[in-house]
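Peer 1: Input: one structure, supplied below.
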Amino acid sequence: MLDIPANVWQRVVKSSLWRSIFRHGYPDSRKNQSLAVFTNVFLHLHPVKVRRHALAIPYTWCMGGLSFFLFLALTLTGVLLMFYYRPTENFAYQDIKDLETVVVFGQILRNMHRWAAHGMVITVFLHMIRVFYTGSYKPPREFNWVIGTLLWVITLILSFTGYLLPWDQLALWAVTVGTNMVGATPMIGGEILYLLRGSLEVSGNTLLRFYVLHVVGLPLIAGFVMAIHFWRIRKDGGISGPL
Amino acid sequence: MIRPDPHREGVAARLRRRQLLRLGVLGTVLLFLAEFGGFFTGLGTLLPGFFRPLKTEAFGGKIDAGINVADLMQFFKNNNDAPYLNTPGRFFIIHPEANRIMAIYRKCTHLGCTVPWNAGEDQFHCPCHGSLYDKHTAVVKGGPAPRPLDVFPITIQGGAITVDTNPTTDLQRTHYDPQQATAVS
Amino acid sequence: MAPIRGPQPLPGQERRLRLLAFVKQDSVVRVDKRIEDTAMVWPHLLVIEFIAAMLFTGGLFVIGALVNAPLQDVSNPDHTPNPSKAPWYFLNLQELLLHMNPALAGVIVPTIAIVALMAIPYVDTSRMGVGTYFHSRKGRQIVVFSIVFTIAILYLLVTADALMKASQLAPITFGVFSGVHLPGTTKPGLYLPFFPQGYAAWADLHLPGGKSFIPDMIIPTGVMLFFPVVLVLLVKRIWHADRREWMIALFTGFITTYLLLTFVGTAMRGQGMDLFVPWNVPPPLP
């Protein structure tokens, strides 16, 4: 096996470089376990300790965490897809075709992005159901429920804006039907429809608008709202539990 | 205004200053939001904003039908009054009665799907929610559509047919009336 | 006397105290006092999160390798496929569109639904039952009842509307009513209510929205107000439900409606968005 000799390991751990990065020893004591969470920018979303019932998978189903995980997976695969995709009427469809046929691993990346997007819609919805049935929206968590509902809506819109990008028949007509619903708004429906589409019917302008919203606008908004959501979970006492 | 009034003392003088500041902040924020909103959305077609470019595509303006009156009447005769489709203009020309023609926007009045001509059923049949429109007048024969297909104005000059395809000014109607159709001499 | 330093209170306000922060007991980070009831995040929580993330990464990779994302022909604005459907998570709304006015189904109902969802914690403000599924055994029964109730009602409504749509095109005779001649109609057979030709002509002249006013606005609005109220009253009557419990009934009704309409829209709508049984939906026309 790959055993690092103890003296080499000791020298690495004691080096000034290592100690400048990790400010605590191996997390095998309470103190170091606390520090591992506390001093790490990624882990400090968590408290140092949680109530034991918060660990029960039948209670949380991990759905909130998995929604966030899928968001990260979508960001990663999405950024990779952006290297080969041009959001214009003339190129969009051919670029997707190229992703599937001439880009190495392009097909599997696109598949993962698509299925993760569907998965996120499902996990966010299940998360909402869990939170409701366990009464976790009750004081002091009222406003976090509101934010969570908002995140659900943002997830749906994110997924919907991405639906147009392949620019195939499925995309065009799904978005035509979907945006027409918005156009049915009393009084200002036509104006909203024009703002969304950038033209009178779904066109290349719509593709560009949806692309910008999908890859920059909505992820930024979602990121901000998620930060508030997670922060408030901590401030409201962590995962809900019996009083 | 901002300086405390020498005749008023203590809280009263300070309150007026606070109110002024509060109003100023509120007003600035509202003005900023209005400018921001106006910049992006404008006021519809009256005052276009950032998201409403001034250049429009071919569709939306006046478009030549691509057929002259004589050929069109011959087309109707040969095809048992089946509608004539103009793809870039997104309209059909139909034949409601003898010597009258009508240009209709081929967008379903229910939810905006493209309404195709269904030769087998001899009527327009929207595939999205099943709205049916009449072959000659494009009035609703069934399905959820709230009104007949919209009419684009036609001008005929020396046999050439021009259609004004601006959907924001097209004619919305509840039933067929011969006035809606254009007479061909 | 030493000069006084620092900000001075205004005359007449010497005794005013400054409030730096008001700490509410709920809002501070709660470290539970019962030591035995807590677990260290490292390793106990992080291990669970890590395993969940690994399983999902692996699962996503396997699905991505096995199932290709759909890609149809290049978009063609001149040719609408039959049927045309929105993404599956909006098919519940598209299903509503088949039954009512577009503004109602596409904008008003979803907006009200989202606002109502957001308002839940401000209606049910008690702290009873946090952290236990379904509040109580009673809550569990209410959930089951609400699901059954909602499915039954939705089944009836969707079927009835499909029959009405069919009766618009041709009168329904069921083989026995071909001799029946309803007053004000032109053809023999049963016309379901609100669609005989006599009514349509009358409504076009006299009602603000024409013939679609009652079936597309009044009836759907009535149905959407009536059945939730009935559900709440039933639950109150049978289980003496408190606010949390009838809220569970309403939310369950919403979830069931959402999922069932998604299912109907996805798996039971074929060409022309006509209703079919799930195993007999004709393939879409290209």
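The values are calculated or read from the model by the stated rules, or taken from the named source; none is laboratory data. Values in this document were obtained by computation on a predicted structure and should not be read as measured data. Neighbour counts are summed over all protein chains in view; Cβ atoms, including those assigned to glycine, are modelled from backbone coordinates with ideal geometry. Please note that ligands, DNA and RNA were not included when accessible areas were found on the heavy atoms of the full protein model with its side chains. Shrake-Rupley method; radii C 1.70, N 1.55, O 1.52, S 1.80 Å.
Peer 1: Just by accessible area at a 1.4 angstrom probe, what is the order of C:Glu245, B:Glu97 from largest to smallest? Each step should come with its number before you reach the end.
Peer 2: Details: C:Glu245 5, B:Glu97 70 Å².
Final ranking, largest accessible area leading: B:Glu97, C:Glu245.
Peer 1: By average Cβ neighbour count within 10 Å, what is the ranking of C:247-259, A:80-92 from highest down? Walk me through the numbers on the way to the answer.
Peer 2: Working: C:247-259: 20.6, A:80-92: 15.5.
In descending order of packing, they fall as C:247-259, A:80-92.
Peer 1: Could I ask something else about it? Roughly how crowded by other chains is peptide A:145-154, in terms of the mean Cβ count from those chains within 10 Å of each of its Cβ atoms? Write down the numbers at each step before the final one.
Peer 2: Details: counts 6, 6, 1, 2, 7, 2, 0, 2, 4, 0.
So the per-residue partner count for this stretch is 3.
Peer 1: If you rank C:Met164, A:Met187 by how much accessible surface each has, with a 1.4 Å probe, what is the order from largest down?
Peer 2: Working: C:Met164 40, A:Met187 190 Å².
Of C:Met164, A:Met187, the descending order of accessible area is A:Met187, C:Met164.
Peer 1: Show me, for the stretch A:46-59, the HN-Hα J-couplings you get by feeding each phi into the Karplus relation (A = 6.51, B = -1.76, C = 1.60, θ = phi - 60°), rounded to Hz, glycine and proline as x.
Peer 2: So the J values, rounded to whole Hz, are 8, x, 6, 10, 10, 5, 4, 5, 5, 7, 5, 5, x, 7.
Peer 1: Simple spin-label model, 7 Å along Cα-to-Cβ: C:Val223 to C:Arg243 in nm?
Peer 2: 3.2 nm
Peer 1: Which sequence of A:Phe42, C:Phe227, B:Phe76, B:Phe39 reflects their accessible areas, 1.4 Å probe, from the largest down? Let's see the in-between values first.
Peer 2: On the way: A:Phe42 165, C:Phe227 50, B:Phe76 5, B:Phe39 115 Å².
Per-residue accessible area, sorted high to low, gives A:Phe42, B:Phe39, C:Phe227, B:Phe76.
Peer 1: In whole Å, how far is the Cα centre of the stretch C:101-123 from that of the stretch A:134-149?
Peer 2: About 18 Å separates the Cα centre of the stretch C:101-123 from the one of the stretch A:134-149.
Peer 1: Using helices alone, I'd like the mean residue ellipticity at 222 nm for the protein assembly as shown: each DSSP H run of four-plus residues gives -39500 (n - 2.57), total over residue count, nearest 500. It would help to have the intermediate numbers written out before the result.
Peer 2: Numbers: 21 runs with 335 residues, N = 714.
Helix-only estimate at 222 nm: -15500 deg cm²/dmol.
Peer 1: Given a Förster radius of 41 Å and the C-beta distance between C:Phe61 and B:Leu171 as r, what FRET efficiency does 1/(1 + (r/R0)^6) yield to the nearest 0.05? Walk me through the intermediate numbers first.
Peer 2: Details: r = 56 Å, r/R0 = 1.37.
For R0 = 41 Å, the calculated efficiency reads 0.15.
Peer 1: Hey, another quick one. Considering the protein assembly as shown, which cysteines have no disulfide-compatible partner, defined as another cysteine with its Cβ under 4.7 Å away?
Peer 2: A:Cys62
Peer 1: Hey, can you find the accessible area per residue of the protein assembly as shown for me, probe 1.4 Å, expressed in square angstrom? Present the calculation step by step, with values, prior to reporting the outcome.
Peer 2: On the way: 39570 Å² over 714 residues.
Computed with neighbouring chains in place, this is 55 Å² per residue.
Peer 1: Given a 1.4 Å probe, show me the residues in the stretch A:11-58 buried by at least 50 Å² of accessible surface when comparing the whole protein assembly to the chain alone.
Peer 2: Flagged in the stretch A:11-58: A:Gln33, A:His46, A:Lys49, A:Val50, A:Arg51, A:Arg52, A:Leu55.
Peer 1: Let me ask something additional. List for the stretch A:173-191: residues with 20 Å² or greater reduction in accessible area, all protein chains versus chain alone, probe 1.4 Å?
Peer 2: A:Trp173, A:Ala174, A:Val177, A:Asn180, A:Met181, A:Ala184, A:Thr185, A:Pro186, A:Glu191
Peer 1: Using a probe of 1.4 angstrom, how much of the accessible area of the stretch B:39-135 is carbon and sulfur, in percent?
Peer 2: Details: 2520 of 4470 Å².
Roughly 56 percent of what the probe reaches on the stretch B:39-135 is carbon or sulfur.
Peer 1: Taking the 0 to 90 degree range and rounding to the nearest ten, how far is the long axis of helix B:10-41 tilted relative to the main principal axis of chain B, both from C-alpha atoms?
Peer 2: 20 degrees
Peer 1: For B:Asp164, what accessible area in Å² do you get when you roll a 1.4 Å probe over the heavy atoms of the protein chains, rounding to the nearest 10?
Peer 2: Probe radius 1.4 Å; accessible area of B:Asp164 about 40 Å².
Peer 1: Tell me which residues come under 5 Å, amide H to amide H, from B:Cys113 once H is placed; ignore anything under 5 positions away on its chain.
Peer 2: Residues meeting the criterion, in which the H sits 1.01 Å from N, are B:Cys108.
Peer 1: Hey, another quick one. Nearest 100 Å², what total accessible surface is buried between chain A and chain C (probe 1.4 Å)?
Peer 2: Details: alone 16580 and 21870 Å², together 30490 Å².
By this definition, chains A and C bury close to 8000 Å².
Peer 1: Please report, as a whole percent, how much of the solvent-accessible surface of chain A comes from carbon and sulfur atoms (probe radius 1.4 Å). Walk me through the numbers before you get to the answer.
Peer 2: Working: 8530 of 11980 Å².
Result for chain A: 71 percent of the exposed heavy-atom area is carbon or sulfur.
Peer 1: Enter the angle in degrees (range 0 to 90, nearest 10) between the Cα long axis of helix A:106-133 and the first principal axis of the Cα atoms of chain A, meaning the one along which they spread out most.
Peer 2: Once rounded, one gets 70 degrees.
Peer 1: Separate question: At 25 °C and 0.890 mPa s, grab the translational diffusion coefficient of the protein assembly as shown from Stokes-Einstein with a Kirkwood Rh over Cα pairs, rounded to a whole number in µm² per second.
Peer 2: Details: Rh = 30.4 Å.
After rounding, the answer is 81 µm²/s.
Peer 1: I've got another one for you. Can you find, among C:Val230, A:Gln107, A:Tyr163, the residue farthest towards the positive end of the dipole of the protein assembly as shown? Put +1 on the C-beta of Lys and Arg, -1 on that of Asp and Glu.
Peer 2: Highest projection toward the positive end goes to C:Val230.
Peer 1: Would you work out the charge dipole size for chain A about its Cα centre, treating the Cβ of every Lys and Arg as +1 and the Cβ of every Asp and Glu as -1, and quote it to the nearest 20 debye?
Peer 2: Details: 21 positive and 11 negative charges, 302 e Å.
With Lys and Arg at +1 and Asp and Glu at -1, about 1440 debye.
Peer 1: Could you tell me which residue out of B:Thr109, B:Pro178, B:Gly120 lies farthest along the dipole of the stretch B:62-183 toward its positive end? Charges go on the beta carbon: Lys and Arg +1, Asp and Glu -1, centred on the Cα centre.
Peer 2: Value: B:Thr109.
Peer 1: May I pose another question? For the stretch C:94-99, just list the computed ³J(HN,Hα) in residue order, Karplus coefficients 6.51, -1.76 and 1.60, θ = phi - 60°, integers in Hz, with x standing in for Gly and Pro.
Peer 2: 5, 5, 4, 4, 6, 10
Peer 1: Select from A:Ala227, A:Leu200, A:Met187 the residue farthest towards the positive end of the dipole of the stretch A:58-235; place +1 on Cβ of Lys and Arg, -1 on Cβ of Asp and Glu, and compute about the Cα centre.
Peer 2: Positive-most Cα among the choices belongs to A:Ala227.
Peer 1: To test your reading of the geometry: what angle, between 0 and 90 degrees and rounded to tens, separates the Cα axis of helix B:69-78 from the longest principal axis of chain B?
Peer 2: On a 0 to 90 degree scale, this one is about 60.
Peer 1: How big is the charge dipole of the protein assembly as shown about its Cα centre, in debye rounded to the nearest 20, if each Lys and Arg gets +1 on its Cβ and each Asp and Glu gets -1 on its Cβ?
Peer 2: Details: 61 positive and 42 negative charges, 846 e Å.
Dipole magnitude for the protein assembly as shown comes out near 4060 debye.
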